[in-house]
1. If only one of B:6, B:17, B:54 is part of a helix (DSSP H, G or I), loosely packed, with under 12 Cβ neighbours inside 10 Å and touching a residue at least 12 places away in the same chain (Cβ under 8 Å), which one is it?
2. Return the pair list, or none, for Cβ contacts closer than 8 Å from residues in segment A:329-347 that are under 13 Å from residue A:119 (Cβ atoms) and touching a residue at least 60 places away in the same chain (Cβ under 8 Å) to residues that are of a type in the set (S, T, N, Q) and assigned to a loop (DSSP other than H, G, I, E, B), at least 6 apart or on different chains.
3. Anything in segment B:28-39 that is part of a loop (DSSP other than H, G, I, E, B), hydrophobic (A, V, I, L, M, F, W, C) and under 17 Å from residue B:83 (Cβ atoms)? List them, or say none.
4. Could you go through segment A:183-193 and let me know if any residue there is under 30 Å from residue B:36 (Cα atoms), surrounded by 13 or more Cβ atoms within 10 Å (Cβ to Cβ), within 12 Å of chain B (Cβ to nearest Cβ) and in contact (Cβ under 8 Å) with a residue 60 or more places away in the chain.
5. Tell me yes or no: at least one residue of segment A:9-16 is farther than 21 Å from residue A:196 by Cα and either buried (at least 17 other Cβ atoms within 10 Å of the Cβ) or in contact with a Phe, Trp or Tyr (Cβ under 6 Å, 6 or more places away or on another chain) (or both).
6. Would you pick out the residues in segment A:199-214 that are surrounded by 20 or more Cβ atoms within 10 Å (Cβ to Cβ) and over 10 Å from residue A:320 (Cβ atoms)?
7. Give just the number: which of (1) in contact (Cβ under 8 Å) with a residue 40 or more places away in the chain; (2) surrounded by fewer than 23 Cβ atoms within 10 Å (Cβ to Cβ); (3) of a type outside the set (Ser, Thr, Tyr); (4) under 24 Å from residue B:83 (Cα atoms) does residue A:257 not satisfy?
8. Is it the case, given these coordinates, that residue B:12 is at the interface with another protein chain (Cβ under 9 Å from one of its Cβ atoms) and assigned to a helix (DSSP H, G or I)?
Amino acid sequence: MKGEDQARALRHSVALSSLTHVSCMRLAGVGASDAVTRLCPAELFLRDGQMLHTLFLDDNAHVVADVYLCRDNADFYLLVEGLSGDQLEQYIRGALPPGAQVTLDDMSAEHEILSINGPYAWEALSKALNPEIVSLPYMSFYNMEGYTCFRAGKTGEFGYDLMVPADDAERIRSRLLELKHVFDMETADLEALDQCALENFFFNIRREGRAKVTPIELQLQWRVSYSKDFVGASALKDHKQAGVKTRLTCLLADSSIQIGDEMCHEDRVIGTIVNAGWSGVRGDFVGMALIEVDLAYPGLKCFTAGVGDGAVPVRTVSPPVIDNRSLFVNPQLHTYKTRDDFDFPPLC
Amino acid sequence: MNPDFAAHIAQRDEILAHIRGILIDDLCMERELDEIDPDTPLFGTGLALDSLDALDLIACLYSRLGLSLQGASAHRVAMRTVNTLVDWIIEQQSEKNER
């Protein structure tokens, strides 16, 4: 029941998580802006307090990290999944020209990132910590008294990541958990967050991100620019010119599908499942597969996953596969307490 | 390839081309056609359209395809990604043909 309770909280109320897998680095100095321009594959139109969801690539244009780049005056925060603090520092130093005037401050050791997600996350945070959090726009952050609040999230629901000093994390966690019964709040682990990301087709560096492919196959071209220079830029352009063979496609199945399962069409292998999980909210299995680009379309019911007697039918769909409650919850109208007074659409 | 299967893909490709065309020609996105991936979010992240873009998009869907997006719930679900918009257009065209 633990997993089901976490999924329920994430999709219907509020869930609290600790993002120990996220590395946080602060870049400062006169060369910080040039440094992030070189590192980041997207165009940088970032004002103070804004965040950009981007990627880090290797020289082959394969994705190595899922990155939030955040501008704090002339400095930048990087919130990174896929690289440890040491690996991140090594990656950054490897990409910078000799003598670049940038200081790197690995904040992971002295800070903890608490994540609050769910359709009523805004309400829980505003009651526990600061009412002003409600007005924080998506993809922006604010330095509050003693911590920084980033409005982002990868669940499809309202999401806030709090970067708090490690020695104050327990106090803030306790303040949030004092509201546990008011919001039917649960503590959600990484597996539950990853399942939400899968249902909403958010990129996951620990799943499909291991496939050694470029942003083109992953349908992440919105995070890259073809008109600037960055690590992997020329390989990416060459790859685009040559044409890609596969594209990430969302799947549903009534029986179990697993990462590594082959996808077949008329007894021919057409791809591989790179992410999969049981959706307790939907009541079926959700997956992502890298499928031959000519067949990578939603609305097809003629594929199978797995081999032999274990092969199961799968159908391709347009993600997200959840009509998130957060699409319909309005902080000016709704509260968790009065949620039953409103006729919200079903989640699927 | 099975003819139904091929027809489904051809129909999606045609509608996808329409939407990409609207995004580039009418909403002035500085992208090549093949740089707009089908499952890209339209709002928030992804193409990061705003509320004025949404109105332009709705107007273009009406003027180019004769389709009218009505109702807040329908908007929010249909306009999540390029592909969910394709799904909605296919559904609307199919309903039109049945009438």
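The values are calculated or read from the model by the stated rules, or taken from the named source; none is laboratory data. A quick note: this is a predicted structure, and the numbers were derived from the prediction, not measured. Note: ideal-geometry Cβ built from the backbone for every residue, glycine included; neighbour counts use all protein chains shown.
1. B:17
2. Close Cβ pairs satisfying both conditions: A:336/A:13; A:347/A:324.
3. Of the residues in segment B:28-39, the ones part of a loop (DSSP other than H, G, I, E, B) are B:28-32, B:36-39.
Next, only the ones that are hydrophobic (A, V, I, L, M, F, W, C) stay: B:28-29, B:36.
Listed by number, the residues that qualify are B:29, B:36.
4. no
5. Pass one, segment A:9-16, residues farther than 21 Å from residue A:196 by Cα: none.
So far as segment A:9-16 goes, no, none of its residues is farther than 21 Å from residue A:196 by Cα and either buried (at least 17 other Cβ atoms within 10 Å of the Cβ) or in contact with a Phe, Trp or Tyr (Cβ under 6 Å, 6 or more places away or on another chain) (or both).
6. So the first thing to find is which residues in segment A:199-214 are surrounded by 20 or more Cβ atoms within 10 Å (Cβ to Cβ), and the list is A:199-204, A:208-209, A:213-214.
Within segment A:199-214, A:203, A:204, A:208, A:209, A:213, A:214 qualify.
7. Checking residue A:257 against (1) in contact (Cβ under 8 Å) with a residue 40 or more places away in the chain; (2) surrounded by fewer than 23 Cβ atoms within 10 Å (Cβ to Cβ); (3) of a type outside the set (Ser, Thr, Tyr); (4) under 24 Å from residue B:83 (Cα atoms), the one that fails is (2).
8. Numbers: at the interface with another protein chain (Cβ under 9 Å from one of its Cβ atoms): yes; assigned to a helix (DSSP H, G or I): yes.
Yes.
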